[in-house]
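A.B. asks: Take this structure, written in structure tokens, and hold onto it; I'll ask about it next.
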């Protein structure tokens with residue numbers, strides 16, 4: 001079924017198409033939720049709330065080519081997670097607004113890194129660091145956008161991203177992925 005037809009059927013609240021969409025995206029959206037709240041039970045609740053909001057707001061979706069459904073669903077899930085973080089205070093974003101001047105190393109120089117290992121390391125980050133890292137590095141938001149969404153300053157966003165990267169790099173080095181070894 002083409003995505004234009006899929007959207008039309010979703011707007012008709014076709015339960016078979018809703019189930020198909022749910023089955024197609026549930027694993028990816030669950031992992032997205034877990035990246036933000038870490039606790040699987042909380043992520044499951046956010047996932048269900050996100051899908052409900054998605055199906056209830058399907059009238060707002062516009063067909064913009066064959067990849068229209070997933071970005072809209074993903075946006076709803078991210079917003080659901082951020083609202084939960086603010087309301088339930090999963091995240092305590094209270095970092096000094098001091099920005100380190102140490103250069104940020106690029107992860108693209110690491111070779112043969114297992115995605116699941118990085119995913120597990122991201123889940124271990126402190127809540128504020130993990131939230132900013134997800135929004136910046138994975139979702140592609142800018143620091144001004146993150147600051148607005150989380151109601152923090154841009155400098156706090158930059159600091160938390162920097163600290164998250166430092167922690168991830170240190171953990172990767174402990175596991176034998178040495179950034180500097182490539183350049184010695």
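Computed from the coordinates by the stated procedures, all read-outs in this text should not be read as laboratory data. This is a predicted model, so every value here is computed, not measured. Here the Cβ positions follow ideal geometry from the backbone for every residue, glycine too, while neighbour counts run over all protein chains shown.
A.B. asks: Relative contact order for the range 31-78: what percent, with Cα pairs under 8 Å and sequence separation of 6 or more?
C.D. replies: The value is 44 percent.
A.B. asks: Still on this model: At 10 °C and a viscosity of 1.306 mPa s, what translational diffusion coefficient does Stokes-Einstein give for the range 3-88, taking Rh as the Kirkwood radius over Cα pairs? Give it in µm²/s as a whole number. Please report the intermediate quantities before stating the final value.
C.D. replies: Values: Rh = 13.1 Å.
For these conditions, the coefficient is 121 µm²/s.
A.B. asks: Could you give the length gained by full extension between residue 64 and residue 114, i.e. 0.36 nm per residue of separation minus their alpha carbon distance, to one decimal place?
C.D. replies: 14.6 nm
A.B. asks: With a point put 7 Å past each Cα toward its Cβ, work out how far residue 88 is from residue 175 in nm, to one decimal.
C.D. replies: 2.6 nm
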